[in-house]
Structure formats: structure tokens, C-alpha cells
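Input: a single structure, listed below in C-alpha cells.
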Amino acid sequence: MARHRASRRHGDRPRAWAGRELKGKRRAAIAVTAAGLAAAGVALLLTGGDGDGGDERPQRSRAPAHHGLHVDRTARRVERLRGLRFDRVPRLVVVGRREMRRLARSLAPAREPAQERAERIVLTQTAMTDPESLGALDAVADEPVGLFSSEHPDRVYLHGELVRQDPREAEVTLAHELVHALEHQNVGLDQPVAGVLDDSGMAELAVVEGSATLVEAMYRIRHRGYAGPVDVVLRMTDRRDRTVPAAALYGFPYSVGSRYVLALRRRGGWRAVARARRRPPRSTAEVLGAARRGRPAASPALPRLGAPWQRLARGGFGAAAAYALLSGFGERAKAAAARRMARSIRAGSMAVWTRGRSRCALPCRDRAVAAVAVRAGSARAARTMRRRLEASLNELADVRPAGARGGPLRIEDGGAAFARRGSTLTLVFAPSASLAARLARAPARG
């Protein structure tokens, strides 16, 4: 599996969704963007000391506190909370807006353009987000407030705007990034890639970010006066935008991952978390609470399209994506039901096809087909999921029946259709309701 090496910190939210709400900044109705942050100037370095270490106490940077941040003190606190010790405490690098953007872009994983395009089509065709908000997502991804990368394991980065405006919150962000550095030194694994079409990568990332988010919550209780228990603090600091379904997907490694890691720690301590790092969950259904099975279920087959259609990308559609779609606009009761439904998924597939050479405007309903197939735990679970998914689509988009009840749907300027074969449920989005129905009913192929 391809891996990326940067851990990007947006407060309590994922890299690709929303940024820390800094003082004096407004949050957009659909996505929070960090694009309005003022430039903070040249990077300020707090360098560490030299020496060979040996069996002595890990070396500490002897730099004075910067804007109220004491790197050594924060590192010692993180060590006690996480139960590990630094070989060498990274130095803190406080950077301005331009430098943070440069770093974020240079450390981002190399991605196939077709894969990225397919993910955008899926997100917009399923109405988990709208095309207008994608630019805001890109802006936030390009300007995190905290960052650690195994490309530069001797340092962690913080955005200067956060450091100046809220040093106390900057310290919590520093603690989060130091957890990544500490686990990298002790476990030695890079950050996994996670995407809409990579369920296993999302599951692995849930352990990585869940661990850092859990330690952050513990840090808030121990050193910032938050009232526990820790699961209450995790809920309190979960600042996902619940008006946007895609926030549940991008927030999954943080919000759901931290609860998964908390459950592991309660059962087996930090050793159980370390085992999960080395032998991560194979699917996001496991992160949601499904029992680990002996062998992964085979991915369900999808329709096959011939000319003039060309497949753009294919991947795995898992419980995290289903959870986001089933959650709708994120009321807590609905999210709990979505969690129960999504963790019944044994395996899932997704593919996107396009026609024509010119790029289409998202969501590309006139030139793209997106197909999703999931294998639930039983035929009954598949029937229930079909009803819940149609209800979610009705809530998220302009959906109308295209014929008899239970038949294909008109969704905005395109169509959608469901088909069920036993415990396998297929959902197809296409330029017309009739094409969607024909593809959904067609014999599935691998």
C-alpha cells in the first residue's frame, strides 16, 4: 500500500476537511477554510541540543519558551501520558502562512490524478458535499495549523497565527504532533494514505490519528483543566461541521478513531494500541466496532461498462464512507444508527467511469457513472441499508421517483438506482435513471 509521510493537524479535525477556528475568523457555512489566515513571516526555529544520548535521559532542546510554548515540558507530559520516551525531542518550527502551505504541498503524498478526480466525483454525486465547497477543502488541506512528517522527524511545525492568537490551544496542537513524533521514534511506521476509495488506509489512519487525538484529550484533562472522563472530552472537542455529511468521512480517523483507540487501551493498555499499529484493522467496520473475522470477505463485483465509457478509478467502499452517507446532516441519534448499520458491512467496492475527452464540471452527472456495491452481514441488513440510503439521498439532494415506488430515482440532473442480490446491495449513479437502473440490475463482474 502506498503511504504518505506527513501528519497534518487541523485542530480536532482531519487534514482534508476543516481548520482550527482561530480568533477573529469566521467559519463558512459548508467548510471551514484557513485561507484567510494572515502571513506570519519567516519561520522561527527552536533548536534542540547535541549529544550522543546513550542510556541517559533523552536530549532536550534548551531553547526558551516561545509565545508561552515550552517544548521540553510538553514533551515530558506527552511521554507520561503515552507511556513512551523520546530518543530525541523534535525542535519546534513556527512558520508563517506561505511556508506552511509550501511544506504541506511538498510533504503531501503523490496521488494519481485519476484517483483524486474519481473521489471528487463520488463525493459530489452522492451529495456528501457540493462542488462549491471543494475549493475550501483544498485551501484547508494546503494550510494546516500543525504538521509532523517522517521526512523531517527532528521537527514539528506549528502555524504562527495559532501560536500568537491562542498559545494555550497551540500547546495542545503541539502535544498532538509530538505524539506522532514519539510513536514514529518508537514504532517506526509511516502515516498511511487514506481516501474515499481506500477503506483499509482509512482504518489504519484511524489508529494513528486516534492515538494522537486520545492523548490530546488526556492532555486537556491533565494540564488544561478539562473535566473528564476522557470520552466526554473527546465528544466535547469534536468540532466537525455537522451540517456537511462529508465531515463524518474526513473526521473519521479523529472522532471514531480516538474512540477505537480508547476501547483498545481500556482492554489492554497501550500495548494493545501498539499491536494495532503493527497489525492494524483491515476495515473501517472494525474501527466502528465490528468483530475481526478470520479472513477478509471478498469484494463484491461491480457492473462493467463498455465503450464509450472508460474507467477512471476503482477502490474499496467501506463502513466509513457508508457511515458518512447514512449520517446525513449528523444529528447524534442518526449518527448512532448509521454507526450500527455501517459496521455490518463485510466488504465494499466502488468504481467511476467517464466518457468524452474534456473534463466535466462536478458532479459530472451527464458524463460519469459511479457504482457502489457493499456486502452486508445478511439479506435483512442489506434491505435495511437500502431504505436508509435512499432516505439519506432524499435528505441530501433533489431526489424524485422516476417511476414506480422502489424503482430508479431522478437525482438533480441525473439518475440513481438500487439493486439487491441476497446480502449484496448495489447503488449506481448515472446520467439518466434508466441507465442507472439497467447497470444496477446487470450481472455484476469482478
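The table below lists the values:
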read-out: Label point 7 Å beyond Cα of residue 222 along Cβ direction - residues of the stretch 71-106 with amide nitrogen under 12 Å; value: 74-85
read-out: Whole-percent carbon and sulfur share, accessible surface of the stretch 101-185, 1.4 Å; value: 47 percent
read-out: Accessible-area composition of the stretch 335-446, carbon plus sulfur, in percent [1.4 Å probe]; value: 46 percent
read-out: For the stretch 76-158: rounded, prolate or oblate by the Cα gyration tensor [a/c cutoff 1.5]; value: prolate
read-out: For the stretch 356-446, size of Cβ-based charge dipole, Lys and Arg +1, Asp and Glu -1, in debye; value: 460 debye
read-out: Per-pair calculated FRET efficiency, R0 = 56 Å: residue 105 and residue 301 via Cβ, rounded to 0.05; value: 0.90
read-out: Label point 7 Å beyond Cα of residue 132 along Cβ direction - residues of the stretch 398-440 with amide nitrogen under 12 Å; value: none
read-out: Chain lengthening between residue 413 and residue 263 when straightened (0.36 nm per residue, less Cα-Cα); value: 49.6 nm
read-out: Neighbourhood charge, 13 Å Cβ-Cβ cut-off, centred on residue 400 and excluding it, Lys, Arg +1 and Asp, Glu -1; value: -2
read-out: Efficiency of FRET from Cβ geometry, residue 358 and residue 151, R₀ 45 Å, rounded to 0.05; value: 0.75
read-out: Among 335, 379, 426 - extreme Cα towards positive end, dipole of the stretch 332-446, charges at beta-carbon; value: 379
read-out: Cα gyration tensor category, rounded, prolate or oblate, for the stretch 295-418 with a/c compared to 1.5; value: oblate
read-out: Accessible surface, the stretch 287-391, averaged per residue in Å² (probe 1.4 Å); value: 47 Å²
read-out: Accessible-area composition of the stretch 203-298, carbon plus sulfur, in percent [1.4 Å probe]; value: 51 percent
read-out: Paramagnetic label zone (point 7 Å from Cα along Cα-to-C-beta, residue 114; backbone N under 11 Å) in the stretch 344-386; value: 352-354
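The values are calculated or read from the model by the stated rules, or taken from the named source; none is laboratory data. Predicted model, so just to flag it, every value in this text is computed and none were measured. FYI the Cβ positions are ideal-geometry reconstructions off the backbone, even for glycines, and counts take in every protein chain you see. When the accessible area is computed, the model is the full protein with side chains, heavy atoms only, and any ligands, DNA or RNA have been set aside. Shrake-Rupley method; radii C 1.70, N 1.55, O 1.52, S 1.80 Å.
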